Amino acid sequence: MAYFWTIVVLVAALAVAWRFLGSYMAAVFDGRVHWLGWLERPLYRALGTGPDHEQTWKRYAGALLVFSAVSVFATYLVLRLQGSLPLNPQHLGAVSPALAWNTAVSFVTNTNWQNYGGETTLSYLSQMTLVVQQFVTPAVGIAVAIALVRGLSRRSSQTVGNFWVDVTRCLLYILLPIAFVAGLVLVGQGAVQTLAGPATIHDPLNGVTQVIARGPIAFMEAIKQLGTNGGGFLNANAATTFENPTGFTNLLLIFLLLVIPFSLTYTFGKMIGSRRQGAAVLAVMAIIFGTWVGFTSYAEHQANPAVAAAGLAHQPTGNMEGKEVRFGDTSSALFNVASTQTSTGSVNSSADSFTPMGGFGMLTGMMLGEVSPGGDGSGLYTILLFAIIAVFIGGLMIGRTPEYLGKKIQAREVKLAGLGVLVMPIAVLVLTGLAVSLQAGRAGPANVGPHGFTEILYAITSQGNNNGSAFAGLNGNTAFYNVIGGIDMLIGRFAIMVPVLALAGALAAKAVVPESLGTFRTDKPMFVGLTIGAILIVGGLTFFPAVSLGPIVEQLSHGRFF
Amino acid sequence: MRVKVIWSAVRMVLLAVVVLGLGYNLLMVGIGEGLMPGRANGSLINHHGQVIGSKLIGQQFSSPRFFEGRPSATTPPYNAASSAASNYGPTNPALLKEIRTNLAQVLKENPGVKASQVPPDLVESSASGLDPDISPAAAYLQVPRVARVNHLPVSEVRALVASHVSGRFLGLYGAAHVNVLELNLALLKAVGQ
């Protein structure tokens, strides 16, 4: 019952944010928000740009790619040199080249896959460098989504906005203020924020001596969730009390990771001049998300069969292996589902120890392409690709050239949308095939049998979707997994962003055709159903054989299928 | 034009490092130190002038006179310098072995308790390996033993546990729990030490 009210509070908070944050974000990107103008204007001067410098999609994409490349390089350098740099109270040495490559790519692609334990590997300076990317990458994702929305709303335009201006505005007016307030609340609840090194304690009661890892954790925690990043300061991520101290912070963290991806649908509706269109996209996201939350929570509330076999018949708190008492089973499931479906990937419980169907819920949530609601920006632009696929399929059914928001969807647009939708499954399946066919790949999993296969599939799916959620049993810190993981993440980010920007450019150049009786309405339940269908068919058909070999076999092997 | 883009990118990265990496972080550290130093530094507990632990980090209690916490999968258990879960899959035989061993231990230490009464959090390891809490059921289960060893009335120990149950935050968020270290400190006080 309490879980029911938790959901009610969460939905109510998200609904308020959807309306007001969504509208505010539209104002930010339309250049109608100026309360930090004193900081904004000097930044433009330093960057040699300004709101009037409109860019074509090619310039926009070029700036994005160059900026990301410089970011990877800078992050890589700091990780390699951390031993000789300040803010390193534990005197940790340089990160190995393969791991530094994987980690730099991971944070620049908003993935936050972590092949390392934070408190034992990275200096405070390295962690702070990663936080920079945790701020910047959601801003880049949102900028791409906004460019696509401009493509849909502008008429016969050659330009889609200015990359530097969009990123700066997003950082200053959206991400920084929310993360600041959230960070303070987290510290108030007990999350740690200090530059003092680890604390050493001795307890005479039990003779225990502990070295307690600390650090600037709370400020990273806030942007880690808000920016749908997921990479925590500590190895056990948001399961630790220092990152996520109470039941309340648990709900706050869930809210933070959902708020921008959901609210962007309102921003979209507002910028194209029809809130109903935004609501239709929101409905697609919410229906898929709600279904997955229900399914996974139910699965995690069941007793683990292994526990039942040990004679523990009475299990009011469900499967507790790899879970924390203060969260309980259902709230742990809610956190992990929210985190896998927003491309965040942070965990408050051990995904590896979820029941087979609980793990299935998280894995398949990512396989749908991170659209429910998906990452900051990436959720919106990916679901708009599916929307274009959906109107295309609808157009084929009635034999009429499809339109979306008054723009004719022609061969070029369908090709670009198809490319953006199919790149991820291709990368994930090819690389998983490679991993299971090579000794270096098969050496990774900690568990055997179908669960071991699931660990490999989960890792590559997570990186290909820029999620970063880990079925932590896989030992990913090997040259093999570090290198292919890096390639996987780059494809999952930029091989989708570039087609999206090309699409934005193609759509912006088009004129708007007037609506007629034959126009397929994209603000009606029919469109919502068709888009959900497109998402489930693409995700389901491409991944079903692989999933069958993992969690489905594992569930059936218990001889029990709920 | 291309060179100009690279310089813009370099400047953007540098600005981001200064404003977001250093500025924002140091501001947060400063506010934390100024307004809530105890929490910002890890909620450390001072007992008779000695820092004996953190309220938020579990410790291993293995003496029968104290309430015991959850099994921990870190090496060694409750290693606060390196948080970790067991990562045992649900069908891993190692999980079954872990639960059987822990269950046998709990039953041996708490005579009269039936296996079906043992809540899972007492025999299954936590997500961080540092869980400071146990469920109320796991605390009540240990009351007869703790009372006997410490020569205290069962009713008094039971009341002590009851006063340490933290309910859901605002009745909504998370699950009811008992902080093991705080409970044991209160127990010591009740014994008169």
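Below are the figures for this structure:
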{"read-out": "Residue within segment A:206-218 that is modelled with pLDDT under 95, facing another protein chain (nearest Cβ under 7 Å), closer than 27 Å to A:TRP5 by Cβ and open to solvent by less than 10 Å² (accessible area, probe 1.4 Å) present", "value": "yes"}
{"read-out": "Any hit, segment A:170-177, residues being touching a residue at least 12 places away in the same chain (Cβ under 8 Å), at the interface with chain B (Cβ under 8 Å from one of its Cβ atoms) and of a type in the set (Val, Ile, Thr)", "value": "no"}
{"read-out": "Extreme residue, modelled with the highest pLDDT, among residues of segment A:304-318 that are open to solvent by less than 20 Å² (accessible area, probe 1.4 Å) and at the interface with chain B (Cβ under 7 Å from one of its Cβ atoms)", "value": "A:ASN304"}
{"read-out": "Output for segment A:40-64, where each listed residue is within 29 Å of the chain's Cα centre (by Cα) and within 9 Å of another protein chain (Cβ to nearest Cβ)", "value": "A:LEU43, A:LEU47, A:ARG59, A:GLY62, A:ALA63"}
{"read-out": "Neighbours by Cβ (under 7 Å, 6+ apart or cross-chain): first from segment A:140-156, open to solvent by less than 10 Å² (accessible area, probe 1.4 Å); second of a type in the set (S, T, N, Q)", "value": "A:GLY141/A:ASN110; A:GLY141/A:SER378"}
{"read-out": "Close pairs from segment A:8-22: first over 12 Å from A:ALA286 (Cα atoms) and assigned by TED's automatic domain parsing to the domain that holds A:LEU264, partner open to solvent by 30 Å² or more (accessible area, probe 1.4 Å) and not in a helix (DSSP H, G or I), Cβ under 8 Å, at least 6 apart", "value": "A:VAL9/B:LEU172"}
{"read-out": "Of all residues making up segment B:106-122, the number that are more than 7 Å from chain A (Cβ to nearest Cβ) and either in contact with a Leu (Cβ under 6 Å, 6 or more places away or on another chain) or of a type outside the set (Lys, Arg) (or both)", "value": "8"}
{"read-out": "Of all residues in segment A:30-39 being away from chain B (no Cβ under 14 Å) and touching a residue at least 60 places away in the same chain (Cβ under 8 Å), the one that is farthest from A:MET271 (Cα to Cα)", "value": "A:TRP35"}
{"read-out": "Filtered residues of segment A:328-357 (kept if facing chain B (nearest Cβ under 9 Å) and modelled with pLDDT of 90 or more)", "value": "A:VAL347, A:ASN348, A:SER349"}
{"read-out": "Criterion violated by A:GLY37 - all others in (1) modelled with pLDDT of 90 or more; (2) touching a Gly at 6+ places or on another chain (Cβ under 6 Å) satisfied", "value": "(2)"}
{"read-out": "When residues of segment B:36-52 are limited to those that are within 8 Å of chain A (Cβ to nearest Cβ) and open to solvent by 50 Å² or more (accessible area, probe 1.4 Å), the one nearest to A:MET128 (Cα to Cα)", "value": "B:ARG39"}
{"read-out": "Which numbered condition A:GLU515 fails, given (1) crowded, with 20+ Cβ neighbours inside 10 Å; (2) under 30 Å from A:GLU403 (Cα atoms); (3) modelled with pLDDT under 95", "value": "(1)"}
{"read-out": "Positions within segment A:388-411 being open to solvent by 60 Å² or more (accessible area, probe 1.4 Å), in contact with a helix residue (DSSP H, G or I) (Cβ under 7 Å, 6 or more places away or on another chain) and within 17 Å of A:PRO514 (Cβ to Cβ), in sequence order", "value": "A:THR401"}
{"read-out": "Residues of segment A:135-161 classified as within 14 Å of another protein chain (Cβ to nearest Cβ) and of a type in the set (Ser, Thr, Tyr), total", "value": "1"}
{"read-out": "B:ALA84 being open to solvent by 10 Å² or more (accessible area, probe 1.4 Å), more than 8 Å from chain A (Cβ to nearest Cβ), of a type in the set (A, V, I, L, M) and closer than 17 Å to A:ASP352 by Cβ", "value": "no"}
{"read-out": "Test: A:PRO373 is crowded, with 23+ Cβ neighbours inside 10 Å, closer than 30 Å to A:GLY505 by Cα and touching a helix residue (DSSP H, G or I) at 6+ places or on another chain (Cβ under 6 Å)", "value": "yes"}
{"read-out": "Residue list for segment A:69-87, restricted to those being open to solvent by less than 10 Å² (accessible area, probe 1.4 Å) and not hydrophobic (A, V, I, L, M, F, W, C)", "value": "A:SER71, A:THR75, A:GLN82"}
{"read-out": "Residue within segment A:436-443 that is among the β-branched types (Val, Ile, Thr), on the phi < 0 side of the Ramachandran plot and either touching a Leu at 6+ places or on another chain (Cβ under 9 Å) or at pLDDT 95 or above (or both) present", "value": "yes"}
{"read-out": "Matching residues, segment A:12-46, being under 30 Å from A:ASP329 (Cα atoms) and exposed (fewer than 14 other Cβ atoms within 10 Å of the Cβ)", "value": "A:ALA12, A:ALA15, A:VAL16"}
{"read-out": "Count of residues meeting criterion [more than 9 Å from every other protein chain (Cβ to nearest Cβ) and assigned to a helix (DSSP H, G or I)] in segment A:358-379", "value": "10"}
{"read-out": "Any hit, segment A:419-441, residues being polar (S, T, N, Q) and part of a loop (DSSP other than H, G, I, E, B)", "value": "no"}
{"read-out": "Subset of segment A:222-263 (residues that are outside any helix (DSSP H, G or I), more than 15 Å from the chain's Cα centre (by Cα) and not small (Gly, Ala, Ser))", "value": "A:PHE233, A:LEU234, A:ASN235, A:THR240, A:THR241, A:PHE242, A:GLU243, A:ASN244, A:PRO245, A:THR246"}
{"read-out": "Complete set of residues in segment B:143-168 that are closer than 28 Å to A:SER332 by Cβ and surrounded by fewer than 17 Cβ atoms within 10 Å (Cβ to Cβ)", "value": "B:ALA162, B:SER163, B:VAL165, B:GLY167"}
{"read-out": "Sole residue being open to solvent by less than 20 Å² (accessible area, probe 1.4 Å), of a type outside the set (A, V, I, L, M) and touching a helix residue (DSSP H, G or I) at 6+ places or on another chain (Cβ under 9 Å), chosen from A:SER106, A:SER96", "value": "A:SER106"}
{"read-out": "Subset of segment A:451-479 (residues that are over 16 Å from A:PHE354 (Cβ atoms) and of a type outside the set (A, V, I, L, M, F, W, C))", "value": "A:GLN463, A:GLY464, A:ASN465, A:ASN466, A:GLY468, A:ASN475, A:GLY476, A:ASN477, A:THR478"}
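Residue-wise test of (1) in a helix (DSSP H, G or I); (2) under 30 Å from A:GLY151 (Cα atoms).
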site: A:ASN447; (1), (2): no, no
site: A:ALA459; (1), (2): yes, no
site: A:VAL483; (1), (2): yes, no
site: A:ARG493; (1), (2): yes, yes
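The values are calculated or read from the model by the stated rules, or taken from the named source; none is laboratory data. As the structure is a prediction and not an experimental result, all values here were calculated from the model. Backbone-built Cβ (ideal geometry, glycine too); neighbour counts: all protein chains shown. We work out accessible area using only protein heavy atoms, side chains counted, and drop any ligands, DNA or RNA first. Shrake-Rupley method; radii C 1.70, N 1.55, O 1.52, S 1.80 Å.
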